[in-house]
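Peer 1: A single structure is presented below for examination.
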Amino acid sequence: MKKELAAILTVVIIGAVLTLTGCNESAVDTPSVSWQVTQNQDGITFTWDAIQDADGYIVKYNGIEDTIQVTSYTLGEPTTEVEIVAYKGSDESDPWTHSFAAVETQNLDWYTRADTDPSHPSGLGFNNDGSVVTISYAQGDHNAIDFVADNDNSITAIQELDGNVNKYNAVAFSATYDYNTMNMAPETGYTTYEQVVQQGTFALLKDTDGQKNDNDIYAKLYVKGIDGTRWTVDVTVQPIGGLRWLVK
């Protein structure tokens, strides 16, 4: 009798565990999402195939949850991450997620070309992962440089100083720019050089073909301090080509 009771209890316990485990698994499939930067580079359009039996979809970003019944969504508000789920009743699928965060590098020492030590880095370049490198203009590869701290105390696009470098880089400055609140790089206002301003914020555009497309890399730069020929700067780069979002 005790063995039969123990067997019954075991079956009940296993059944309960299986039931609870099943409750943690979503009955709704996760959307398979693709995305594309919008034409004016200020947003992302997301698309996905319809999920069978789903009541709709929820797009989550910046603490917002936007419920929709269609299978596309254009987001123009800069954010670091987007989640998209399908739902049926109160049941949500596992989320599709993607990071759109910009990458910040702090406290870089950047020297003007007027500095007497030729090994000091007067060139600055962006890598594909959003990181920043400083390179000697006098001794380094100019093709790896995007901007130069020039000897006239300006931030200058590399092609202005070396015509053999095939780039169309540009810089923008306005007294209204604020490094901490500039969540999107400006669309216009770029030139090939701007005079440096202590505690000034600059928008930078790396452009390798002169066209508005996914080869464009946008960044913002903050001049924390100027000590003679040495500038101390923070730089935030959006590694996704053609996207002006600069949220870090």
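Every number in this text was worked out from the coordinates using simple rules, so none of it is lab data. Just so we're clear, the structure is a prediction, and the values are computed from it rather than from any experiment. Note that each Cβ is placed from the backbone with ideal geometry, even for glycine, and that neighbours are counted across all protein chains shown.
Peer 1: For residue 68 and residue 144, what does the FRET efficiency come to when R0 = 51 Å and r is the distance between their Cβ atoms, rounded to the nearest 0.05?
Peer 2: 0.70
Peer 1: While we're looking at this one, here's another question. When a/c is below 1.5 the answer is rounded, else prolate if a/b is larger than b/c, else oblate, so apply that to region 147-224 with a ≥ b ≥ c taken from the square roots of the Cα gyration tensor eigenvalues.
Peer 2: Oblate.
Peer 1: Could you pull out the pairs from 60/206; 88/248; 167/212 whose alpha carbons sit more than 22 Å apart here?
Peer 2: Exceeds cut-off: 60/206; 88/248.
Peer 1: So if R0 is 22 Å, what FRET efficiency would residue 195 and residue 116 give, r being the distance between their Cβ atoms, rounded to the nearest 0.05?
Peer 2: Working from the Cβ atoms, E equals 0.50.
Peer 1: Compute the long axis of helix 2-23 from its Cα atoms, compare it with the longest principal axis of the Cα atoms of the chain, and write down the angle in degrees, 0 to 90, nearest 10.
Peer 2: Taking the Cα atoms of the chain, the angle to 2-23 is about 40 degrees.
Peer 1: Mind giving me the FRET efficiency for residue 80 and residue 153? R0 is 45 Å, r the Cβ-Cβ distance, nearest 0.05 is fine.
Peer 2: With R0 = 45 Å, the Cβ-Cβ based efficiency is 0.85.
Peer 1: Taking the Cα-to-Cβ direction at residue 55 and at residue 131 and moving 7 Å from each Cα, how far apart do the two end points lie in nm?
Peer 2: 4.7
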